[in-house]
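Below is one structure; the comments refer to it alone.
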Amino acid sequence: FCRKNIPMTKRDVRLVILNRMSLAEDSIVYDIGCGTGSVTVEAALIARQGFVYAVDKNKEAVELTKMNLLRFGISNAKVVQKTAPDGLCEFPVPDCAFIGGSSGNLVDIIKALLKRNPLMRIVLSAVTLETFCMIKEAVSLLPVDDLDFTQVSISHSEKLGKYNFVKAENPVWVVSFSGSAGEKK
């Protein structure tokens, strides 16, 4: 992936995220705070008969996502520069969404998603305690089922002379849930 100065969801974390999204071949997917578009690309490869709508407020991220879509030959995805939840109602109703960045609009984004599809699957990632706490607070206020908090800690070996040094990546929280048919009490 082309990356430049934009944060990217690492390969092994993407695998967990994609698994939690429960994508089908015809899924309609939103990637909110798409960054480099790594999740957009991977989701589009799985949902070949579906479509991925990627949103980011950052112009450089939007251009980078477009570049990565071209690089991987992805034609079933569209990228727009907006600050979510603005513009989400312009897309078809989603089956699932990944929120990689919310610009502080997390509760509004989740509410907008659940308004579009009350039973959809939503997956989020958090690399900071502050974001994790925002997610935890948001889901406590909203009608959700199948809530799962998983911390992913990945390490890779790196050659160091004749030895293999184990280098850890930063841990990432992956939070997933489905909308609930009932209202939160």
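Taking every residue in region 1-30 that is free of Cβ contacts under 8 Å to residues at least 12 places away in the same chain and under 14 Å from L124 (Cβ atoms) and pairing it with any residue that is in a helix (DSSP H, G or I) and open to solvent by 10 Å² or more (accessible area, probe 1.4 Å), at least 6 positions away or on another chain, yields no pair with a Cβ-Cβ distance below 9 Å. For region 1-40, a tally of residues being open to solvent by 10 Å² or more (accessible area, probe 1.4 Å) and of a type in the set (F, W, Y) returns 1.
Residues of region 41-52 that are in a helix (DSSP H, G or I) and either at pLDDT below 95 or open to solvent by less than 10 Å² (accessible area, probe 1.4 Å) (or both): V41, A43, A44. Of all the listed residues (D95, D108), the sole one being within 20 Å of S180 (Cβ to Cβ), surrounded by 14 or more Cβ atoms within 10 Å (Cβ to Cβ), at pLDDT 95 or above and out of contact with any helix residue (DSSP H, G or I) (no Cβ under 7 Å at 6 or more places or on another chain) is D95. Counting only residues that are in contact (Cβ under 8 Å) with a residue 12 or more places away in the chain, assigned to a loop (DSSP other than H, G, I, E, B) and either open to solvent by less than 80 Å² (accessible area, probe 1.4 Å) or more than 23 Å from L129 (Cα to Cα) (or both), region 139-169 holds 4 of them.
State all residues of region 16-40 that are in a helix (DSSP H, G or I) and within 11 Å of the chain's Cα centre (by Cα); if no residue qualifies, say none.
Correct list: V16, I17, L18, R20, M21, S38, V39, T40.
The values are calculated or read from the model by the stated rules, or taken from the named source; none is laboratory data. Everything numeric in this text was worked out from a predicted model, so none of it was measured. Ideal geometry is used to build each Cβ from the backbone, glycine not excepted, and the neighbour counts take in all protein chains shown. Ligands, DNA and RNA are stripped out before the accessible areas are found, and what is left, the full protein with its side chains, is counted by its heavy atoms. Shrake-Rupley method; radii C 1.70, N 1.55, O 1.52, S 1.80 Å.
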